[in-house]
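The values are calculated or read from the model by the stated rules, or taken from the named source; none is laboratory data. All figures in this text were calculated on a predicted structure; none of them were measured in a lab. Quick reminder, even Gly has a Cβ in these numbers, built from the backbone with ideal geometry, and neighbours come from all protein chains shown.
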Amino acid sequence: MPDHQNPIERHAGRFFHDQSPPVGASFALAAAEASHAAASRRARPGDLVTVFDGSGWDVLCRVESAARGALELSALERVHVGPPLARPVTCAAAMPKGSREDILAAQCAQAGVSRLVPVEFDRSAPNVHRNWPKKAERLRRLAVEAAKQSGASTIMEIADPLTLAEFLAENRRGLRLAGFPGGSQGILETLESAWPFEEVTFLVGPEGGLTDEETRLVAEAGFAAVRLVATILRIETAAAAFAAVCAAFITETAHT
(Lines give C-alpha, C1' and ligand atoms only; values in the text may rest on other atoms or scores of the structure.)
Protein backbone atom coordinates (compact mmCIF):
# COMPACT_ATOMS: atom_id res chain seq x y z
CA MET A 1 0.00 0.00 0.00
CA PRO A 2 1.48 3.39 -0.97
CA ASP A 3 2.17 6.19 1.43
CA HIS A 4 -0.72 8.52 0.51
CA GLN A 5 0.93 11.36 2.45
CA ASN A 6 4.03 11.28 0.25
CA PRO A 7 4.27 14.82 -1.19
CA ILE A 8 5.60 13.40 -4.47
CA GLU A 9 2.20 11.82 -5.12
CA ARG A 10 -0.02 14.46 -6.70
CA HIS A 11 -3.81 14.19 -6.54
CA ALA A 12 -5.10 15.04 -10.00
CA GLY A 13 -8.82 15.25 -9.30
CA ARG A 14 -12.11 13.35 -9.19
CA PHE A 15 -13.54 11.41 -12.10
CA PHE A 16 -16.70 9.48 -12.85
CA HIS A 17 -16.62 5.79 -13.70
CA ASP A 18 -19.77 3.78 -14.33
CA GLN A 19 -18.80 0.99 -11.94
CA SER A 20 -16.89 1.24 -8.69
CA PRO A 21 -13.80 -1.01 -9.06
CA PRO A 22 -12.58 -3.36 -6.30
CA VAL A 23 -9.24 -2.79 -4.64
CA GLY A 24 -6.44 -4.21 -6.77
CA ALA A 25 -8.35 -3.90 -10.04
CA SER A 26 -6.81 -2.33 -13.12
CA PHE A 27 -9.21 -0.48 -15.41
CA ALA A 28 -9.53 2.31 -17.94
CA LEU A 29 -11.61 5.47 -17.63
CA ALA A 30 -14.12 6.24 -20.36
CA ALA A 31 -12.68 8.35 -23.18
CA ALA A 32 -14.33 11.63 -22.16
CA GLU A 33 -13.20 11.35 -18.54
CA ALA A 34 -9.74 10.21 -19.60
CA SER A 35 -9.40 13.20 -21.92
CA HIS A 36 -10.42 15.53 -19.11
CA ALA A 37 -7.92 13.89 -16.76
CA ALA A 38 -5.01 13.93 -19.21
CA ALA A 39 -5.63 17.26 -20.95
CA SER A 40 -7.30 19.50 -18.35
CA ARG A 41 -6.00 18.01 -15.11
CA ARG A 42 -2.68 16.90 -16.62
CA ALA A 43 -2.81 13.53 -14.88
CA ARG A 44 0.45 11.66 -15.28
CA PRO A 45 1.70 8.18 -14.31
CA GLY A 46 2.18 8.00 -10.56
CA ASP A 47 -0.51 10.62 -9.78
CA LEU A 48 -3.42 9.75 -7.53
CA VAL A 49 -7.03 10.30 -8.60
CA THR A 50 -10.39 9.60 -6.99
CA VAL A 51 -13.01 7.67 -8.95
CA PHE A 52 -16.70 7.46 -8.04
CA ASP A 53 -19.79 5.90 -9.64
CA GLY A 54 -22.55 7.70 -7.74
CA SER A 55 -23.17 4.84 -5.31
CA GLY A 56 -21.54 6.63 -2.37
CA TRP A 57 -18.13 4.96 -2.70
CA ASP A 58 -14.88 6.82 -3.41
CA VAL A 59 -12.00 4.80 -4.83
CA LEU A 60 -8.47 6.13 -4.58
CA CYS A 61 -6.51 5.10 -7.66
CA ARG A 62 -3.05 5.49 -9.10
CA VAL A 63 -2.50 6.50 -12.71
CA GLU A 64 -0.51 3.75 -14.43
CA SER A 65 -0.49 5.29 -17.90
CA ALA A 66 -1.95 8.47 -19.39
CA ALA A 67 -2.58 9.77 -22.89
CA ARG A 68 -5.26 11.88 -24.51
CA GLY A 69 -8.39 9.75 -24.50
CA ALA A 70 -6.81 6.91 -22.52
CA LEU A 71 -6.12 6.63 -18.79
CA GLU A 72 -5.21 3.34 -17.13
CA LEU A 73 -5.72 3.19 -13.36
CA SER A 74 -5.17 0.76 -10.51
CA ALA A 75 -7.54 0.84 -7.54
CA LEU A 76 -5.76 1.28 -4.19
CA GLU A 77 -8.41 1.97 -1.57
CA ARG A 78 -12.21 2.13 -1.28
CA VAL A 79 -13.99 4.43 1.18
CA HIS A 80 -17.74 4.60 1.71
CA VAL A 81 -18.64 8.29 1.88
CA GLY A 82 -22.41 8.17 1.37
CA PRO A 83 -24.61 11.11 0.42
CA PRO A 84 -23.46 14.64 1.25
CA LEU A 85 -26.50 15.31 3.47
CA ALA A 86 -27.80 13.28 6.41
CA ARG A 87 -31.36 13.62 5.12
CA PRO A 88 -32.56 13.29 1.50
CA VAL A 89 -33.62 16.57 -0.12
CA THR A 90 -35.91 16.71 -3.14
CA CYS A 91 -36.38 19.78 -5.31
CA ALA A 92 -39.67 19.82 -7.23
CA ALA A 93 -39.75 22.81 -9.53
CA ALA A 94 -41.37 24.43 -12.51
CA MET A 95 -38.46 24.31 -14.94
CA PRO A 96 -37.37 27.59 -16.55
CA LYS A 97 -36.51 27.71 -20.23
CA GLY A 98 -33.11 27.57 -21.88
CA SER A 99 -29.86 27.76 -19.98
CA ARG A 100 -31.66 28.70 -16.76
CA GLU A 101 -32.74 25.09 -16.25
CA ASP A 102 -29.07 24.11 -16.44
CA ILE A 103 -28.27 26.63 -13.71
CA LEU A 104 -31.08 25.26 -11.54
CA ALA A 105 -29.91 21.66 -11.91
CA ALA A 106 -26.22 22.42 -11.39
CA GLN A 107 -26.73 24.55 -8.29
CA CYS A 108 -29.13 22.10 -6.66
CA ALA A 109 -26.70 19.25 -7.32
CA GLN A 110 -23.80 21.21 -5.84
CA ALA A 111 -25.81 21.82 -2.67
CA GLY A 112 -26.44 18.09 -2.20
CA VAL A 113 -30.02 17.78 -3.45
CA SER A 114 -30.71 14.09 -3.98
CA ARG A 115 -33.56 14.33 -6.52
CA LEU A 116 -34.82 16.92 -8.99
CA VAL A 117 -38.43 16.59 -10.15
CA PRO A 118 -39.63 18.84 -12.99
CA VAL A 119 -43.26 19.77 -12.27
CA GLU A 120 -45.77 21.16 -14.74
CA PHE A 121 -48.05 23.91 -13.42
CA ASP A 122 -50.88 25.75 -15.19
CA ARG A 123 -48.55 28.74 -15.64
CA SER A 124 -45.41 26.84 -16.54
CA ALA A 125 -43.52 28.04 -19.59
CA PRO A 126 -45.01 26.41 -22.73
CA ASN A 127 -43.19 23.43 -24.22
CA VAL A 128 -40.57 23.53 -21.45
CA HIS A 129 -40.42 19.71 -21.43
CA ARG A 130 -40.21 19.29 -25.20
CA ASN A 131 -37.49 16.84 -26.26
CA TRP A 132 -37.29 15.69 -22.66
CA PRO A 133 -35.03 12.62 -23.21
CA LYS A 134 -32.34 14.87 -24.70
CA LYS A 135 -32.78 17.46 -21.93
CA ALA A 136 -32.69 14.77 -19.25
CA GLU A 137 -29.40 13.44 -20.63
CA ARG A 138 -27.88 16.93 -20.47
CA LEU A 139 -29.14 17.53 -16.93
CA ARG A 140 -27.73 14.19 -15.79
CA ARG A 141 -24.33 15.17 -17.23
CA LEU A 142 -24.56 18.42 -15.29
CA ALA A 143 -25.38 16.45 -12.13
CA VAL A 144 -22.27 14.29 -12.65
CA GLU A 145 -20.12 17.37 -13.24
CA ALA A 146 -21.54 18.97 -10.09
CA ALA A 147 -20.66 15.88 -8.07
CA LYS A 148 -17.11 15.93 -9.44
CA GLN A 149 -16.72 19.62 -8.63
CA SER A 150 -18.34 19.55 -5.20
CA GLY A 151 -16.74 16.35 -3.94
CA ALA A 152 -20.03 14.47 -3.61
CA SER A 153 -19.95 10.69 -3.97
CA THR A 154 -23.59 10.42 -5.01
CA ILE A 155 -25.28 11.97 -8.04
CA MET A 156 -28.54 13.90 -8.03
CA GLU A 157 -31.34 11.91 -9.67
CA ILE A 158 -33.15 13.60 -12.56
CA ALA A 159 -36.77 12.43 -12.49
CA ASP A 160 -39.17 12.50 -15.42
CA PRO A 161 -41.58 15.47 -15.54
CA LEU A 162 -44.85 15.19 -13.62
CA THR A 163 -47.98 17.26 -13.53
CA LEU A 164 -48.63 18.92 -10.20
CA ALA A 165 -51.41 16.43 -9.47
CA GLU A 166 -49.12 13.48 -10.22
CA PHE A 167 -46.38 14.90 -8.05
CA LEU A 168 -48.69 15.56 -5.09
CA ALA A 169 -50.09 12.03 -5.35
CA GLU A 170 -46.64 10.38 -5.22
CA ASN A 171 -45.03 12.57 -2.56
CA ARG A 172 -46.29 11.69 0.91
CA ARG A 173 -43.19 11.40 3.11
CA GLY A 174 -41.23 13.71 5.34
CA LEU A 175 -41.36 17.48 5.61
CA ARG A 176 -42.93 19.24 2.61
CA LEU A 177 -42.33 22.91 1.92
CA ALA A 178 -43.61 25.27 -0.75
CA GLY A 179 -42.21 28.71 -1.38
CA PHE A 180 -44.70 31.59 -1.30
CA PRO A 181 -43.62 35.25 -1.37
CA GLY A 182 -45.00 36.91 1.72
CA GLY A 183 -45.60 33.59 3.49
CA SER A 184 -46.34 33.94 7.18
CA GLN A 185 -43.70 31.43 8.35
CA GLY A 186 -39.98 31.59 7.63
CA ILE A 187 -38.17 28.54 6.32
CA LEU A 188 -35.74 28.28 9.25
CA GLU A 189 -38.57 28.37 11.77
CA THR A 190 -40.34 25.61 9.85
CA LEU A 191 -37.25 23.43 9.59
CA GLU A 192 -36.49 23.83 13.29
CA SER A 193 -40.02 23.03 14.41
CA ALA A 194 -40.17 19.87 12.26
CA TRP A 195 -36.76 18.44 13.19
CA PRO A 196 -35.91 15.58 13.23
CA PHE A 197 -37.61 14.94 9.87
CA GLU A 198 -36.75 11.91 7.72
CA GLU A 199 -36.47 13.86 4.49
CA VAL A 200 -37.50 17.20 3.03
CA THR A 201 -39.13 18.17 -0.25
CA PHE A 202 -39.38 21.76 -1.42
CA LEU A 203 -41.69 22.94 -4.19
CA VAL A 204 -40.89 25.92 -6.42
CA GLY A 205 -43.70 27.21 -8.59
CA PRO A 206 -43.64 29.03 -11.92
CA GLU A 207 -42.82 32.71 -12.19
CA GLY A 208 -46.48 33.49 -12.84
CA GLY A 209 -47.30 31.96 -9.48
CA LEU A 210 -49.69 29.17 -8.57
CA THR A 211 -53.37 29.42 -9.43
CA ASP A 212 -55.86 29.49 -6.57
CA GLU A 213 -56.74 25.86 -7.29
CA GLU A 214 -53.08 24.81 -7.29
CA THR A 215 -52.52 26.65 -4.01
CA ARG A 216 -55.44 24.74 -2.51
CA LEU A 217 -54.15 21.38 -3.75
CA VAL A 218 -50.65 22.05 -2.42
CA ALA A 219 -52.01 22.99 1.00
CA GLU A 220 -54.28 19.94 1.12
CA ALA A 221 -51.27 17.73 0.31
CA GLY A 222 -49.59 18.93 3.51
CA PHE A 223 -47.07 21.39 2.09
CA ALA A 224 -46.21 24.22 4.46
CA ALA A 225 -46.17 27.64 2.78
CA VAL A 226 -42.86 29.22 3.76
CA ARG A 227 -41.08 32.50 3.16
CA LEU A 228 -37.52 32.41 1.84
CA VAL A 229 -36.70 36.11 1.49
CA ALA A 230 -38.61 39.38 1.33
CA THR A 231 -38.24 39.64 -2.45
CA ILE A 232 -39.65 37.64 -5.37
CA LEU A 233 -37.07 35.27 -6.83
CA ARG A 234 -36.71 33.70 -10.24
CA ILE A 235 -37.26 29.95 -10.38
CA GLU A 236 -33.59 28.92 -10.48
CA THR A 237 -32.69 31.42 -7.74
CA ALA A 238 -35.49 30.17 -5.48
CA ALA A 239 -34.48 26.55 -6.04
CA ALA A 240 -30.84 27.29 -5.26
CA ALA A 241 -31.81 29.28 -2.15
CA PHE A 242 -34.10 26.51 -0.91
CA ALA A 243 -31.37 23.92 -1.53
CA ALA A 244 -28.70 25.96 0.25
CA VAL A 245 -30.85 26.68 3.31
CA CYS A 246 -32.00 23.07 3.65
CA ALA A 247 -28.46 21.77 3.18
CA ALA A 248 -27.00 24.19 5.72
CA PHE A 249 -29.70 23.38 8.27
CA ILE A 250 -29.33 19.62 7.90
CA THR A 251 -25.54 19.79 7.96
CA GLU A 252 -25.42 21.87 11.13
CA THR A 253 -28.34 20.24 12.98
CA ALA A 254 -27.49 16.62 12.22
CA HIS A 255 -24.05 17.06 13.82
CA THR A 256 -25.23 18.68 17.06
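Brief remarks follow.
- Of all residues making up segment 156-194, the number that are more than 17 Å from Gly222 (Cβ to Cβ) and either of a type in the set (Phe, Trp, Tyr) or not assigned by TED's automatic domain parsing to the domain that holds Gly112 (or both): 0
- Qualifying residue in segment 162-176 (condition: under 20 Å from Leu228 (Cα atoms), within 19 Å of the chain's Cα centre (by Cα), in a strand (DSSP E or B) and of a type outside the set (S, T, N, Q)): yes
- Options Glu199, Glu207; residue that is surrounded by 14 or more Cβ atoms within 10 Å (Cβ to Cβ) and closer than 15 Å to Thr90 by Cβ: Glu199
- Some residue of segment 130-150 being touching a helix residue (DSSP H, G or I) at 6+ places or on another chain (Cβ under 6 Å), surrounded by fewer than 17 Cβ atoms within 10 Å (Cβ to Cβ) and closer than 29 Å to Phe52 by Cβ: yes
- Any hit, segment 22-29, residues being under 18 Å from Val81 (Cα atoms) and surrounded by fewer than 17 Cβ atoms within 10 Å (Cβ to Cβ): yes
Yes/no per residue for (1) surrounded by 20 or more Cβ atoms within 10 Å (Cβ to Cβ); (2) of a type in the set (A, V, I, L, M, F, W, C):
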site	(1), (2)
Ala75	no, yes
Arg78	no, no
Ala86	no, yes
Ala93	yes, yes
Pro96	yes, no
Arg100	no, no
Ala109	yes, yes
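- Residue among Arg130, Arg138 that is of a type in the set (D, E, K, R) and not in a helix (DSSP H, G or I): Arg130
- For the criterion of being in contact with a Pro (Cβ under 7 Å, 6 or more places away or on another chain), outside the structural domain of Trp57 (by TED's automatic domain parsing) and buried (at least 21 other Cβ atoms within 10 Å of the Cβ), Ser124 passes.
- Answer residue from segment 151-189, given it is more than 14 Å from Val89 (Cβ to Cβ) and of a type in the set (S, T, N, Q) and is surrounded by the fewest Cβ atoms within 10 Å (Cβ to Cβ) among those: Ser184
- Test for Gly69: is it in contact with a strand residue (DSSP E or B) (Cβ under 7 Å, 6 or more places away or on another chain) and of a type outside the set (D, E, K, R): no
Residue-by-condition table, conditions (1) at pLDDT below 95; (2) within 14 Å of Pro161 (Cβ to Cβ); (3) outside the structural domain of Gly174 (by TED's automatic domain parsing); (4) in contact with a Phe, Trp or Tyr (Cβ under 6 Å, 6 or more places away or on another chain):
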position	(1), (2), (3), (4)
Ala67	yes, no, yes, no
Leu71	yes, no, yes, no
Leu104	no, yes, no, no
Gln110	no, no, no, no
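- Taking the criterion of being of a type in the set (A, V, I, L, M), in contact with a Phe, Trp or Tyr (Cβ under 9 Å, 6 or more places away or on another chain) and closer than 19 Å to Glu9 by Cβ, the residues of segment 25-42 that qualify are Leu29, Ala37.
- Top-ranked residue in segment 177-219 [being assigned to a loop (DSSP other than H, G, I, E, B) and hydroxyl-bearing (Ser, Thr, Tyr); ranked as farthest from Ala111 (Cα to Cα)]: Thr211
- Looking only at segment 10-67, and only at residues there that are part of a loop (DSSP other than H, G, I, E, B) and among the acidic types (Asp, Glu), the one that is farthest from Glu145 (Cα to Cα): Asp47
- Any chance Ser55 is assigned by TED's automatic domain parsing to the domain that holds Ala125 and within 26 Å of Ala243 (Cα to Cα): no
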